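Only one structure is covered here, and it is reproduced in the block below.
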Amino acid sequence: MSEKSEADKPQLLAPSLFGSCRLTITLMCAVASFCALFMTINLGMVIVCMNKGHTNSSNSTEMEGSNCTANPEFEIHSTCGVNTTQEQDVRWDKNAQGLLLSATYYGVVSMQLLTGWLCDKFGKTKLIMICGSTVLGVTSVLSPLIIEYAGVPFFFAARVIQGACMVGVKQFICFMLSPVLPLLRRWTTAKEQGLLVGLAFAGAALANAATYPMAGLMCKYSGWRSIFYFAGGCGILWGLAAIFIIYDKPGQHPRVSIKEKQYLLSTQVESSSKKTNNAIPWSKILRSIPVWSVIITNFFFFAATKGTVINLPLFIRDVLDFSITENGIFSAMPSVVALMLHLIIGPLFDCVRAKQIFSVTVVRKIFHVIGTLFPAIMMFTVSQLPPDKKYVIIGLITIGYALYEVAWMGGFSFAFMDMAPDYVGIIQGINNTIGLMPGFIMPVVISNLTPEGTSQEWSYVFLMFGGLYSVACLIFLLTGSSELQSWGKAKDTSKGEIDKSLEKMVV
């Protein structure tokens, strides 16, 4: 049979996104990112809730209403709350707080390469996400018991396990979120990439916005334990729902329409079968300047953004003197504005990219500079303001933090999808292994910079954030690229396979 010419091939229009399976998969990814972030970033507000009504100096003496007394082994071996009846019955000093806030990222970093390799090699993204969500949910539900009856070392271990099953981050982390990009690669096209990827990770932005107010309200009306129970329940329920809703590929989905399946197959390079026969180009990946540009940029960028959002409740408690409810609201404000920008930047990037006025690399660098330089300026400004300007401080932090979405959605972070679409999983694994290390470095650094929690100590922290944003800006601006690399696509050993599958469906 002679090959069909281009004119004879089926010409497919994009089916409606509303009610489509690709939209359903994207929304499930959004819920996954919400649950993963909610189950891990709530610890900052839990710490505030545990210590409500107490100042930093209370660590030096026996605490009222608590069976905990400060001692040299407190941050490592103390077990608080056994047989107690009050909600504010657990006390952690600054060192213990920093240790536990960083614990998640030990698990996050340790599992990145393995998860990325599994996604690229076997493509079992659904199974990986369900396992991650379930384990994450169970450990969250058990956290109050671990805190009360086992103590800091065991809770640290539980947080490491949560990190192994989750992300710090918004950011496609480990068993629950690392598979999101490889999954979306099969369910999106170049025309819809910005919109659907942005929508999928809007859940993380929503979690950043909603976690602190929700946790503050739960703390006020039902205590800190309820924060863990609610978050864990969400994760377990998502895992059950994913069994029936998420499928790895359009061809495996029992409810996808023929029209949508044809559309996805005709606009993508289906490479899952190729990867089993082609070795990953490790040497080219590891020697690629554009790859290392994104990885190093991500390291400094993540240190600034995650350092801000994790420690904001503690900064507000130490310096700005708001109530716990106000703390929850103001801690969420940066993430609320970031969420609004998140929903705008993806489609805006698609629009600018489609006009082809500039190359993709230039467009990403413009977005990147806006999303890093302006936050740096605002962090430097915050470091110089006195505590009595607390509303100005909150406003600057809100705008500065929210602008990171411009760099995230339109700048450096999704450049891998442009430069090496067939190796996104493994490169993202390398990126997260190195780039997410600040997740366990920053809380410890900040806790050591702020032993007394004074405004002067916190000013050094915000100077550091400004410097981190500045370095992130320069690295990608000078060395970054979004051009397709020569090794970025696996060699096609099954030419004509997609056309044949389309012909069969049309017939």
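Gain on full extension, evaluated as 0.36 nm per residue between L142 and S16 minus their Cα-Cα distance, stands at 41.1 nm. Per residue, the accessible area of the range 281-506 comes to 39 Å², computed with a 1.4 Å probe over protein heavy atoms only.
Counting only protein heavy atoms and using a 1.4 Å probe, the accessible area of R225 comes to about 30 Å². With the convex hull of the Cα atoms taken as the outline of the range 281-506, the averaged projected area works out to 15.4 nm². The calculated FRET efficiency for the pair L474 and S222, based on their C-beta separation and a Förster distance of 60 Å, comes to about 0.80. Within the full protein context, the accessible area of K390 is estimated at about 50 Å² for a probe radius of 1.4 Å.
The values are calculated or read from the model by the stated rules, or taken from the named source; none is laboratory data. Here the structure is a predicted model, which means the values were calculated and not measured. Reconstructed Cβ throughout: ideal geometry from the backbone, glycine too, with neighbour counts over all protein chains shown. Side chains are part of the model used for accessible areas, which takes the heavy atoms of the whole protein and leaves out ligands, DNA and RNA. Shrake-Rupley method; radii C 1.70, N 1.55, O 1.52, S 1.80 Å.
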